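*Asks:* Sharing a structure here in structure tokens format.
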Amino acid sequence: MKHYDYIFAGAGCAGLSMVYHLLNSPFRNSKILLLDPNLGQIPDKTWCYWAEKPLPIHPRNAIHSWNQLSLSSNYDKATHQMENLQYFHINSRDFFEHIYSFLKSHPNVTHEQNAVNQIIEKENSVEVFTSNDTIYQGNYIFDSRLTDSDHLGSKALKQIFAGWKIETDQNIFDKSTFTMMEWTQSEKGLFDFFYILPYHSKSALIEYTAYSRQDISQEILNAKIKEYLEEKFGGIAYEITFQEKGVIPMTTQIKAPDFSKRIIPIGTKAGWTKASTGYTFHTIQKRAQSLVNQLVSGENNIKTEKSPARFRFYDNILLNIAHKWPHELKGIFEDLFKRNETDLVMKFLGEETSLFQEIKLLSRLRFPIFIKSLLNYEKH
């Protein structure tokens, strides 16, 4: 039975980020095993985060950033300037290729295209049983595998999205400003919007996003994007160079993993996805670094850091509104940015504000819908 210091069940963004942080620590020479049935298959995804400068893990040859954002509808457009922060974009292909290239210089890291079927914790180790009947032993296993049973499943609100990166021969995009939310005419009972990342004046990612408990077919998602492009740009000719799609569970009710000293959940499985927005990338880096710091300091019980309880409460207030009164969300997001400094709003969304700052920010919003949500409070 082969023994490793650290085994990873899943080699997606969370797993690879955790390995990256381990290899940049005093444990850089540890024996590491990556197990994933889809190893080498790079997903088509885009991730974004905000910070004062690019994160160390961000490949330096693939940086797009903006310091202005807009919220708009058919009737008006509001542009908001970030003072010290920038909004960074990272493509999954650039990220995976960057990490795989980094791993090539570390022969102590082993990759195997294999699924984990069972994990058994012993007193001083874990045994990992795989789909090809191989058994591995490790000091710790970091588990990022996610199934519907890990959250509320069909009861959870889902952020469903599809995006096209398009290229055109005309200068139609404002490359200085990304569109966080653009609202068009929505179906009753559905909160949806378009999200636009302009890479330059002739190229942008156009993404349609809907909050829904029901599945939405790829055909409908694509039709929404096509209709938007026709209405916005008058049937301009374009080429689709990249497509993405995804479903993110919007819930604070991630099933708490069984207490374990050596089986450590990471990623969305550990609640690292922001329930009310779906942003994950920056949190993955903070939480992964926290776990590595605990290992380096010799902690006996390694624990995944959780969001502070007050942020989970804020998320539940917003999710309660999204479930029951989705038409109110547009006004909430508009007020949030209109009545506060943009950097403060972004830090709040990234759970990096103090309680004093949160009171200051929230006191500027209109109260009725929040009181209504409190009086009809449910966890989602």
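Yes or no, residue by residue, for (1) surrounded by fewer than 18 Cβ atoms within 10 Å (Cβ to Cβ); (2) under 17 Å from residue 282 (Cα atoms):
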position: 51; (1), (2): no, yes
position: 55; (1), (2): yes, yes
position: 60; (1), (2): yes, yes
position: 63; (1), (2): yes, yes
position: 75; (1), (2): yes, no
position: 90; (1), (2): no, yes
position: 97; (1), (2): yes, no
position: 100; (1), (2): yes, no
position: 105; (1), (2): yes, no
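*Asks:* Is it true that some residue in segment 29-37 is modelled with pLDDT of 95 or more, of a type outside the set (A, V, I, L, M, F, W, C), surrounded by fewer than 15 Cβ atoms within 10 Å (Cβ to Cβ) and out of contact with any strand residue (DSSP E or B) (no Cβ under 7 Å at 6 or more places or on another chain)?
*Replies:* Looking for residues that are modelled with pLDDT of 95 or more, of a type outside the set (A, V, I, L, M, F, W, C), surrounded by fewer than 15 Cβ atoms within 10 Å (Cβ to Cβ) and out of contact with any strand residue (DSSP E or B) (no Cβ under 7 Å at 6 or more places or on another chain), one finds at least one in segment 29-37, hence yes.
Matching residues to (1) open to solvent by 50 Å² or more (accessible area, probe 1.4 Å); (2) in contact with a helix residue (DSSP H, G or I) (Cβ under 7 Å, 6 or more places away or on another chain); (3) modelled with pLDDT of 95 or more; (4) in a loop (DSSP other than H, G, I, E, B):
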site: 306; (1), (2), (3), (4): yes, no, no, yes
site: 311; (1), (2), (3), (4): no, no, yes, no
site: 318; (1), (2), (3), (4): no, no, yes, no
site: 337; (1), (2), (3), (4): no, yes, yes, no
site: 356; (1), (2), (3), (4): yes, no, yes, no
site: 370; (1), (2), (3), (4): no, yes, no, no
site: 373; (1), (2), (3), (4): no, yes, no, no
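*Asks:* Also, I was wondering about something else. Kindly indicate which of 286, 261, 232, 224 is open to solvent by 30 Å² or more (accessible area, probe 1.4 Å) and not in a helix (DSSP H, G or I).
*Replies:* Exactly one of 286, 261, 232, 224 is open to solvent by 30 Å² or more (accessible area, probe 1.4 Å) and not in a helix (DSSP H, G or I), namely 261.
*Asks:* Hey, another quick one. Where the second residue is open to solvent by less than 10 Å² (accessible area, probe 1.4 Å) and in a helix (DSSP H, G or I) and the first is more than 24 Å from residue 81 (Cβ to Cβ) and lies in segment 312-337, which pairs have Cβ atoms under 7 Å and are six or more apart or on separate chains?
*Replies:* 317/373; 320/373; 321/329; 321/373; 322/329; 328/321
*Asks:* From the list 70, 65, which one is touching a Lys or Arg at 6+ places or on another chain (Cβ under 7 Å), closer than 30 Å to residue 185 by Cα, of a type outside the set (Asp, Glu) and outside any loop (DSSP other than H, G, I, E, B)?
*Replies:* Going through 70, 65 in turn, just one is touching a Lys or Arg at 6+ places or on another chain (Cβ under 7 Å), closer than 30 Å to residue 185 by Cα, of a type outside the set (Asp, Glu) and outside any loop (DSSP other than H, G, I, E, B): 70.
*Asks:* Within segment 134-158, track down each residue that is surrounded by 19 or more Cβ atoms within 10 Å (Cβ to Cβ) and either modelled with pLDDT of 95 or more or in a strand (DSSP E or B) (or both).
*Replies:* Residues satisfying the conditions are 136, 138, 140, 141, 142, 143, 157, 158.
*Asks:* Residue under question is residue 237, and the condition is that it be in a helix (DSSP H, G or I), at pLDDT 90 or above and of a type in the set (Gly, Ala, Ser); does it hold?
*Replies:* No, not satisfied.
*Asks:* While we're looking at this one, here's another question. Restricting attention to segment 108-119, does a residue exist that is free of Cβ contacts under 8 Å to residues at least 40 places away in the same chain, of a type in the set (S, T, N, Q), open to solvent by 10 Å² or more (accessible area, probe 1.4 Å) and in a strand (DSSP E or B)?
*Replies:* Yes.
*Asks:* Quick one: what pairs do we get from segment 349-376, first residue free of Cβ contacts under 8 Å to residues at least 24 places away in the same chain, second part of a helix (DSSP H, G or I) and open to solvent by 50 Å² or more (accessible area, probe 1.4 Å), C-beta under 7 Å, 6+ apart or different chains?
*Replies:* Every condition considered, the pairs that remain are 353/347.
The values are calculated or read from the model by the stated rules, or taken from the named source; none is laboratory data. This structure is a prediction, so every number in the text was calculated from the model and none was measured. Using ideal geometry, Cβ is built from the backbone for each residue, glycine included, and neighbour counts are taken over all protein chains shown. Keep in mind that these areas ignore ligands, DNA and RNA; they rest on the heavy atoms of the full protein, side chains included. Shrake-Rupley method; radii C 1.70, N 1.55, O 1.52, S 1.80 Å.
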